[in-house]
1. Extension gain R56-K26, at 0.36 nm per residue separation less the Cα-Cα distance, in nm?
2. By how many nm would the segment from N18 to Q65 lengthen if fully extended, with 0.36 nm per residue of separation less the alpha-carbon distance?
3. Considering only the other residues whose Cβ falls under 14 Å of the Cβ of Q65, what net charge follows from Lys and Arg at +1 and Asp and Glu at -1?
4. When only C-alpha pairs under 8 Å and at least 6 residues apart count, what is the relative contact order of the chain, in percent?
5. Just one of (i) 8.6; (ii) 6.4; (iii) 5.5 is mean projected area of the Cα convex hull in nm² calculated from these coordinates, so which is it?
6. Under the Karplus relation 6.51 cos²θ - 1.76 cosθ + 1.60, θ = phi - 60°, what is the ordered set of whole-Hz ³J(HN,Hα) values for the stretch 81-88, x standing for Gly and Pro?
7. Only helical DSSP H runs with n ≥ 4 go in: add -39500 (n - 2.57) per run for the chain, normalise by residue count and round the 222 nm mean residue ellipticity to 500 deg cm²/dmol.
8. For the chain, with all protein chains present and a 1.4 Å probe, just round the carbon and sulfur fraction of the accessible area to a whole percent.
Amino acid sequence: NELLEKNSSLQVVDVRTNDYAGGHIKGSIHRPANLFEENEDVDDFIGKLRDSGKQRVVFHCMVSQVRGPTSARRFIRRVSAADPPYSPQVF
C-alpha cells in the first residue's frame, strides 16, 4: 500500500475472481480475469489507465501462474494497438 501511495504512476490489477474476497492488496484495482477476454473491455480499461497516468501496471492473482500472466499478455497485445499510443511497463 505504501508503494502505491508514493507512486501514482503504478497500478496493481488484481485479476482473481471469487478468491478476491479472502484478501487483496490495498489500493489495487479488482478486475477479474474474465474481463480480459473481449477486446472492447480491454481497450476500455487501457483507456482508463492511460488517462489516469499509470505507467507501470502489475497484474496479480493468487499464485500468478495462470490468470495474472494470461491477463497481462492479453493487455500487452491490445495496448500495442492503442490509439492514442500508450506504452506502460507491464509486470
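The values are calculated or read from the model by the stated rules, or taken from the named source; none is laboratory data. For clarity, every value in this text was computed on a predicted model and none was experimentally measured. Glycine also receives a Cβ, built like all others from the backbone with ideal geometry; neighbour counts cover every protein chain displayed. These area figures cover heavy atoms from the full protein model, side chains too; ligands, DNA and RNA do not enter into them. Shrake-Rupley method; radii C 1.70, N 1.55, O 1.52, S 1.80 Å.
1. 9.1 nm
2. Extra length available between N18 and Q65 comes to 15.3 nm.
3. +2
4. Over the chain, the number comes to 32 percent.
5. (iii)
6. With coefficients 6.51, -1.76 and 1.60, one gets 9, 4, 9, x, x, 8, 10, x Hz.
7. Taken over the chain, the calculation gives -10000 deg cm²/dmol.
8. 50 percent
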